[in-house]
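Enquirer: Can you read through this structure? Questions will come right after.
The values are calculated or read from the model by the stated rules, or taken from the named source; none is laboratory data. Since the model is a prediction, treat every value here as computed from it, not as a measurement. FYI the Cβ positions are ideal-geometry reconstructions off the backbone, even for glycines, and counts take in every protein chain you see.
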Amino acid sequence: MASTTLHSSRVPVAPKELPHGAGLRYARHFTLPGFGMMGQQRLYGAKVLSIGAGGLGSPVIEYLAAAGVGTIGIIDFDVVDETNLQRQVIHNSETIGRKKTDSAREFVDKLNPLVDVVTYDAPLTEGNVDEVIAGYDVVCDGCDNFDTRYTVADACARADIPLVWGSINRFSGQLSVFDGAITLRDIFPEPPAPGTVQNCAEGGVLGVLPGVLGTMMANEAIKLITGIGEPLYGKLAVWDGKSATLSHYAIAPRPETQQKIQARATATPVSACTTGSKENTVVTEQDILTYKELTDKRAMLVDVREPREWEGGQLPEALGVPLSRLRAGDLGELVDVPRDTSLALYCAGGVRSLEAADILEQAGFTNLVSLAGGINRWWTYAN
């Protein structure tokens, strides 16, 4: 049976006297049963690290700062992009192109100047993770990079630092609290294979979803810091935004987890929203905004998204051949197409089309173009 008792000695956090004149700001906390001045002083004495200042990091940072956490560390090496603003609420139109850490610091300074903000602009890797997390009482991880998630979870387990973990995809999200005894690897022993999970550009995400999961993450951090309530430890919470339901599942420790945690694997700091490219004499990449240059030269346009995505709209004259069928060895309507035919492949964001091109190359096709950016880029910039 899974344990529901947190084993970390880091929490609750020792109280720290509030600055003079801070009482009015936190007056609504003082009246909470069991919270009072002691709870607020624990928040002020706490140091919390947010892994990421994006979708989940935004509400985590916002609500922990508003609540009065004394020190908030923020690690993110990305810059603000206009596509972030649909959900990353601590950034705005004026901070587009700037470092997310700088934008986040400015937001916190305006919201609560009593909070000390520490920023890290470098990628988080196995080589620096222990140094970065040292000294923090709680870590909140809402990053979009599978390698980083495991690096952080393993490091927190080794350092006895409670980890509030969140993940979102499309309309749903997951949330849990880990320590050295129960951790991420007890749910998912290994990261998924590259290309098997859609990234944020491919799958999309409902704008309010990070707000729901991110505020829940902030709530778990506050419970840990103050010692109030029951942390979501030994349980996985799954939120379904379409039905507005929250389900809980017990987490049982796996015998092999501790050995994996101690084995320091190398993490590569590549964003899960980065498509990457490959050198290939058969497969090339071209911006989808210029796809008509290919179709004007009689290239066949192939949509490799799944049927439900196809129903949401497609490019004119495209042929639908889902990647799931290609993976299963079914070429669909391409089976009788001459192998020297020029094929222009697209998906939602440009990742699955590269995989589809690899499969079609193995099937004998010799003229393949993956349309970078996918139909999401076309819809965003061509209309």
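Enquirer: If you go through the range 142-158 one residue at a time, do you hit one that is under 29 Å from GLY350 (Cα atoms), crowded, with 16+ Cβ neighbours inside 10 Å and touching a Lys or Arg at 6+ places or on another chain (Cβ under 6 Å)?
Expert: no
Enquirer: Since GLY21 meets every condition but one in (1) surrounded by fewer than 21 Cβ atoms within 10 Å (Cβ to Cβ); (2) at negative phi, which condition does it not meet?
Expert: (2)
Enquirer: To continue, here is another question. Can you find, within the range 102-124, the residue that is surrounded by the most Cβ atoms within 10 Å (Cβ to Cβ) among those that are in contact with a helix residue (DSSP H, G or I) (Cβ under 7 Å, 6 or more places away or on another chain) and part of a loop (DSSP other than H, G, I, E, B)?
Expert: The residue in question is LEU124.
Enquirer: Going by what's in this entry, would ALA65 be described as over 22 Å from GLY373 (Cα atoms), touching a His at 6+ places or on another chain (Cβ under 8 Å) and not polar (S, T, N, Q)?
Expert: No.
Enquirer: Only one of these is at pLDDT 95 or above and under 26 Å from the mean Cα position of the chain (by Cα): THR71, THR4, THR83. Name it.
Expert: Of THR71, THR4, THR83, the one residue that is at pLDDT 95 or above and under 26 Å from the mean Cα position of the chain (by Cα) is THR71.
Enquirer: Something else now. Taking the options ARG352, ARG305, name whichever one is out of contact with any helix residue (DSSP H, G or I) (no Cβ under 6 Å at 6 or more places or on another chain), surrounded by 13 or more Cβ atoms within 10 Å (Cβ to Cβ) and charged (D, E, K, R).
Expert: ARG305
Enquirer: Let me ask you something else. If you go through the range 130-170, how many residues are hydroxyl-bearing (Ser, Thr, Tyr) and over 15 Å from LEU184 (Cα atoms)?
Expert: 1
Enquirer: Looking only at helices (runs of 4 or more DSSP H) that lie completely in the range 139-246, which have at least 3 residues being touching a residue at least 24 places away in the same chain (Cβ under 8 Å) and more than 28 Å from GLY373 (Cα to Cα)?
Expert: 146-159, 209-226
Enquirer: For the range 53-101, which residues satisfy the criterion of being hydroxyl-bearing (Ser, Thr, Tyr) and crowded, with 24+ Cβ neighbours inside 10 Å?
Expert: SER58
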